[in-house]
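K.L.:
Let me give you the structure first, and then I'll get to my questions.
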Amino acid sequence: MTSRRTPRIAVIGAGPAGLVCARVLQRHGLGVTVYESDTAAGVRERGGIVDLHADLGQRALREAGLTAELQAAASPSEPGRRMFTPQGELVVDDEFDGPDEDEGAPSVIDRARLHALLAASLEPGTVRWGHRLLSATPGGDGTHRLAFDDGSAAETDLVIGADGAWSTVRPLVSAATPVHTGVTFVEAWFHDVDRAHPAVAELVGYGQMFATGGGKGLIGRRDGEHIRARIVLCDEPGRRRTACIAPAGTAAVRAELLKRFAGYHERLRVLITDNDGPYVHRAVHVLPRPHTWPHTPGVTLLGDAAHLWSPFRADGTGHAMLDGAELALFLARPDEPGRAVAAYETTMRARRARNRDGGATPAQIFRRTSRDRSVLTDFDTAGYEPGRHGGDLRTVQVGPLPVRDRLRQPAAPRRSW
Ligand SMILES: Cc1cc2nc3c(=O)[nH]c(=O)nc-3n(C[C@H](O)[C@H](O)[C@H](O)COP(=O)(O)OP(=O)(O)OC[C@H]3O[C@@H](n4cnc5c(N)ncnc54)[C@H](O)[C@@H]3O)c2cc1C
């Protein structure tokens, strides 16, 4: 990267990492352009609600000057957690007893609202929607030439890869690619639950419910008048990018899921049979840990592009946002930009290294049926490290084909409290 005073900064990807980075840069008077392959904000379903913790997502939003906006859009987290055996017996019931007023409690926000809030905070024209990066070619002096799928191109002094798990920027600094953990979520949605799905509302309660055992499981989470169920399947890790069910089409997927969950009680199987609309398939991938790369002039990574990790910790969004804020803050200092990027990379890696994995991988947890809180506690630290865990998991049942229909996405749910 050159040492000119106002570097040309390009962020690739308008996810939480890229948008926070751009917002904090602009707050400090630095110019930035964000290139995003989606054609507009809000065209993609983003997966329901997310917890923003005080030391991660909330801190990033403070640096972005958006705390009041977060407070207006978020709710306190609902701490209720229930645990069932596959036979339908309720073995843990931590009741929801009103909003948690603790200062450190996470805020819950719908991902679509968070995305809209961040996108709206940027100066008009900052995000170039409909620009998929095809390649970034080093100029040899720290600059890069970016080529997009609409035929346009741009020159940059710093290209920031905030383009998620399958980053196009990452190969500039690292040969690492995501590995399938063996865990796949098949997501199902229930709307207007108290009226239309009382059995599901009763099962999940005002928080989350879990049932695990037999290398699979069910997770339900209340989101206002909606409930999102994750039907969890475990397969052999690293086999392929998509797993785990062969048939195409909602009815065929449902029939296959019912076969797999034949040993689960009817009371739980409503999460498979009664959903509104289609299922959504989300295979869980991770990058090797720690994912490091030699400091490379003119390029760096944020968020999932830098450290794709187990979603069971439920903090990937917060880390991505804080990456964006921290990089922007280092760049705003009166320092040579290359040194600012190196300082960010050191800080981000140290923060990520503090999140140690517990003993169990998600797939191992789903083999167990627990009669106490131990499964819930294990989820909080679950990790999967390719190399350390690769190949050690039992194959549950491998369909011969990946799911071919990434089924139509449900309408983005809205919180009503
Ligand atoms: C199933 C599942 C459940 C999860 N649950 C949680 C949870 O409960 N809580 C939590 O905190 N985290 C959760 N996560 C993780 C969380 O979603 C990510 O950590 C977070 O979205 C990372 O943000 P990001 O900005 O780095 O990447 P992304 O959110 O992936 O954003 C990347 C952006 O880059 C764009 N892009 C990609 N390629 C290009 C290109 N070539 N050119 C231009 N634009 C491009 C994409 O369209 C996208 O908008 C979950 C993840 C998964 C898979």
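The values are calculated or read from the model by the stated rules, or taken from the named source; none is laboratory data. In this text the structure is predicted, and so the values were computed from the model without any measurement. No Cβ is skipped: glycine too gets one built from the backbone with ideal geometry, and neighbour counts run over all protein chains shown. To get the accessible areas, we keep the full protein, side chains included, count just its heavy atoms, and leave off ligands, DNA and RNA. Shrake-Rupley method; radii C 1.70, N 1.55, O 1.52, S 1.80 Å.
K.L.:
Name every residue in the stretch 189-230 that is of a type in the set (Asp, Glu), under 16 Å from residue 82 (Cβ atoms) and touching a residue at least 60 places away in the same chain (Cβ under 8 Å), in order of residue number.
P.N.:
Listed by number, the list holds a single entry, 223.
K.L.:
Within the stretch 276-285, is even one residue surrounded by fewer than 22 Cβ atoms within 10 Å (Cβ to Cβ), assigned to a loop (DSSP other than H, G, I, E, B) and in contact (Cβ under 8 Å) with a residue 24 or more places away in the chain?
P.N.:
No, there is no match, as no residue in the stretch 276-285 is surrounded by fewer than 22 Cβ atoms within 10 Å (Cβ to Cβ), assigned to a loop (DSSP other than H, G, I, E, B) and in contact (Cβ under 8 Å) with a residue 24 or more places away in the chain.
K.L.:
For the stretch 311-373, list the helices (runs of 4 or more DSSP H) that sit wholly inside it and hold at least 1 residues that are open to solvent by less than 10 Å² (accessible area, probe 1.4 Å) and closer than 30 Å to residue 89 by Cβ; which are they?
P.N.:
Answer list for the stretch 311-373: 362-367.
K.L.:
Quick check on my filter: what residues within the stretch 167-196 are more than 27 Å from residue 373 (Cα to Cα) and in contact with a Phe, Trp or Tyr (Cβ under 6 Å, 6 or more places away or on another chain)?
P.N.:
If the condition is that a residue be more than 27 Å from residue 373 (Cα to Cα) and in contact with a Phe, Trp or Tyr (Cβ under 6 Å, 6 or more places away or on another chain), then 173, 174 are the ones that fit.
K.L.:
When the stretch 88-107 is examined, which residues are found to be out of contact with any Leu (no Cβ under 8 Å at 6 or more places or on another chain) and either more than 30 Å from residue 20 (Cα to Cα) or at pLDDT 85 or above (or both)? Explain how you work it out, then say what you get.
P.N.:
Residues of the stretch 88-107 that are out of contact with any Leu (no Cβ under 8 Å at 6 or more places or on another chain), as a first pass: 89-91, 93-105.
Answer for the stretch 88-107, where residues must be out of contact with any Leu (no Cβ under 8 Å at 6 or more places or on another chain) and either more than 30 Å from residue 20 (Cα to Cα) or at pLDDT 85 or above (or both): 89, 90, 91, 93, 94, 95, 96, 97, 98.
K.L.:
Show the residue pairs meeting these rules: Cβ distance below 9 Å; 6+ apart or different chains; first residue within the stretch 33-60 and part of a loop (DSSP other than H, G, I, E, B); second residue hydroxyl-bearing (Ser, Thr, Tyr).
P.N.:
Between residues of the stretch 33-60 that are part of a loop (DSSP other than H, G, I, E, B) and residues that are hydroxyl-bearing (Ser, Thr, Tyr), the close pairs are 53/107; 54/107; 56/317.
K.L.:
What pairs come out if I take residues in the stretch 252-264 that are assigned by TED's automatic domain parsing to the domain that holds residue 217 and outside any loop (DSSP other than H, G, I, E, B) and pair them with residues that are polar (S, T, N, Q) and at pLDDT below 90 whose C-beta lies under 9 Å away, six or more apart or interchain?
P.N.:
Taking only residues 6 or more apart or on different chains, the pairs are 260/397.
The rows are residues; the columns are (1) under 28 Å from residue 377 (Cβ atoms); (2) away from the ligand (no atom under 14 Å from the Cβ); (3) of a type outside the set (Gly, Ala, Ser).
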position: 31; (1), (2), (3): no, yes, no
position: 34; (1), (2), (3): no, no, yes
position: 37; (1), (2), (3): no, no, no
position: 74; (1), (2), (3): yes, no, no
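K.L.:
Within the stretch 294-336, track down each residue that is over 30 Å from residue 365 (Cα atoms) and within 8 Å of the ligand (Cβ to nearest atom).
P.N.:
324 - this is the single residue of the stretch 294-336 that is over 30 Å from residue 365 (Cα atoms) and within 8 Å of the ligand (Cβ to nearest atom).
K.L.:
Given the conditions (1) in contact with a helix residue (DSSP H, G or I) (Cβ under 6 Å, 6 or more places away or on another chain); (2) more than 10 Å from the ligand (Cβ to nearest atom); (3) open to solvent by 10 Å² or more (accessible area, probe 1.4 Å); (4) part of a helix (DSSP H, G or I), which single one is not true for residue 267?
P.N.:
Against the list (1) in contact with a helix residue (DSSP H, G or I) (Cβ under 6 Å, 6 or more places away or on another chain); (2) more than 10 Å from the ligand (Cβ to nearest atom); (3) open to solvent by 10 Å² or more (accessible area, probe 1.4 Å); (4) part of a helix (DSSP H, G or I), residue 267 comes up short only on (1).
K.L.:
Still on this model: Quickly run through the stretch 153-169 and pick out the residues that are open to solvent by 10 Å² or more (accessible area, probe 1.4 Å) and either away from the ligand (no atom under 12 Å from the Cβ) or not in a loop (DSSP other than H, G, I, E, B) (or both).
P.N.:
153, 154, 155
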